[in-house]
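Encoded as structure tokens, the structure appears first; notes follow it.
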Amino acid sequence: MSIDVTITQKSLIKKTLPLNIILGDELKYGAFDGFRLDPDVIGEGGFIAYNPGHIGRGISIEWKEQEKEKISLRALTPSSPDEIKDFFAVIERICNYWKCELEVDGDKQNAKEFYARLSEFVDFNERSLKAFFDEIVSGKQKQFSMFCAMWPLEIGIDEAKRFVETPEDFYAWMHERQTIDAYYAKPSFFVSQDDSIIGRYVVTEDVRSIFPLTPSVPFGTVDPDTQEQLKCDTYFVGLYSTTDDSGLGLVSYDVFLEYVLPKSEKYDGFNIIFEGLSLEEMKELLNRE
């Protein structure tokens, strides 16, 4: 679910919308590179805004530096009350800077009337979050990938049981999980000699890392031939040594996972986190292939 807002400038003499008006004093920005957010980067169509003091699901903003006509914003729900308040604050700053028209979820709305609905959206967010967790606990919905500001967070039944009655704990967890200093692994894809698709992750010597229990293709990664979602069933992990400044070799994902699981902890419903592999451990892992 989401809250979608389009703001259209209506002045006779139109002006561009500076980035600092959108972000204010607290928000930062970035653009996605596969699973991960690349901070301080603006993508081709815009960027993701987030508050480093309470990182949530991110505010998607379609914006270009020279744009004078309109700007589109999206807040995903369920999120956190603080992020919804940030979303409203962004809209208020823009409406104060532009003489404009506001469209909320396809319906035109007076800006002051929209601001007055903040508590309504906050209450709806908490109800929808509880309903979302209830569905997972009851088995109506299985594990869910929740797109967030920095990278996805996977919600399984353990997480749902933990947060269904205490959404404030979920808000804190969502922020804490996205501020961990670790490499969030994402695959690259290659065509093999038999024309099959091969996925490759990379683990770097002594780097704290987050890896999936089951490798997968990031949503939106398309097959260049069909322009449909890419499909891949074969994955490897490349081992890179900073000591030798070289790639040591490849191991199958199953062999890699079997080796690192005893050294890892649960990160979320789908991923593990481990403190990194030493050069000696990498060489040991290669010998298991």
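For segment 140-162, residues that are open to solvent by 60 Å² or more (accessible area, probe 1.4 Å) and either in a helix (DSSP H, G or I) or under 22 Å from Ser209 (Cα atoms) (or both) total 7.
Set side by side, the residues Ser72, Ser128, Ser119, Ser79 differ, and just one is at pLDDT 95 or above and of a type outside the set (Val, Ile, Thr), which is Ser72. Given the criteria of a type outside the set (Val, Ile, Thr), without any contact (Cβ under 8 Å) to a residue 12 or more places away in the chain, open to solvent by 20 Å² or more (accessible area, probe 1.4 Å) and within 28 Å of Leu230 (Cα to Cα), does Asp38 qualify? Criteria met by Asp38. Within segment 177-192, the presence of a residue that is open to solvent by 70 Å² or more (accessible area, probe 1.4 Å), charged (D, E, K, R) and in a strand (DSSP E or B) is excluded. Residues in segment 54-70 that are without any contact (Cβ under 8 Å) to a residue 60 or more places away in the chain and surrounded by fewer than 17 Cβ atoms within 10 Å (Cβ to Cβ) were compared, and the one that is nearest to Met146 (Cα to Cα) is Glu62. Among the candidates Pro218, Pro212, Pro187, the residue that is touching a residue at least 12 places away in the same chain (Cβ under 8 Å), of a type outside the set (Ser, Thr, Tyr) and within 22 Å of Pro78 (Cα to Cα) is uniquely Pro218.
Highlighted here are the strands (runs of 3 or more DSSP E) found entirely within segment 201-268 that include at least 2 residues which are over 25 Å from Ile155 (Cα atoms): 234-241, 246-252.
Checked against the criteria, Glu280 does not count as in a strand (DSSP E or B), acidic (Asp, Glu), open to solvent by 30 Å² or more (accessible area, probe 1.4 Å) and out of contact with any helix residue (DSSP H, G or I) (no Cβ under 7 Å at 6 or more places or on another chain).
Within segment 163-175, the set of residues being outside any helix (DSSP H, G or I) and under 14 Å from Pro81 (Cα atoms) comprises Thr166 only. Within segment 164-190, being at pLDDT below 90, touching a helix residue (DSSP H, G or I) at 6+ places or on another chain (Cβ under 7 Å) and not β-branched (Val, Ile, Thr) holds for one residue alone: Pro167. Out of segment 139-173, which residues are more than 11 Å from the chain's Cα centre (by Cα) and within 23 Å of Pro218 (Cβ to Cβ)? Gln141, Lys142, Gln143, Phe144, Ile155, Gly156, Glu159, Trp173, listed by residue number. Please verify whether Leu286 is modelled with pLDDT under 95, part of a helix (DSSP H, G or I), within 17 Å of Val202 (Cβ to Cβ) and among the hydrophobic types (A, V, I, L, M, F, W, C), treating the condition exactly as stated. Answer is yes for this residue.
With segment 1-58 as the region, which strands (runs of 3 or more DSSP E) entirely inside it contain at least 3 residues that are more than 24 Å from Pro218 (Cα to Cα) and more than 22 Å from the chain's Cα centre (by Cα)? Counting at least 3 such residues, we get 2-9.
The values are calculated or read from the model by the stated rules, or taken from the named source; none is laboratory data. No experiment lies behind these values; they were computed from the predicted model shown. Here Cβ is always computed from backbone atoms with ideal geometry, including for glycine, and neighbour counts include all displayed protein chains. Only protein heavy atoms, including side chains, enter the accessible area calculation; ligands, DNA and RNA are left aside. Shrake-Rupley method; radii C 1.70, N 1.55, O 1.52, S 1.80 Å.
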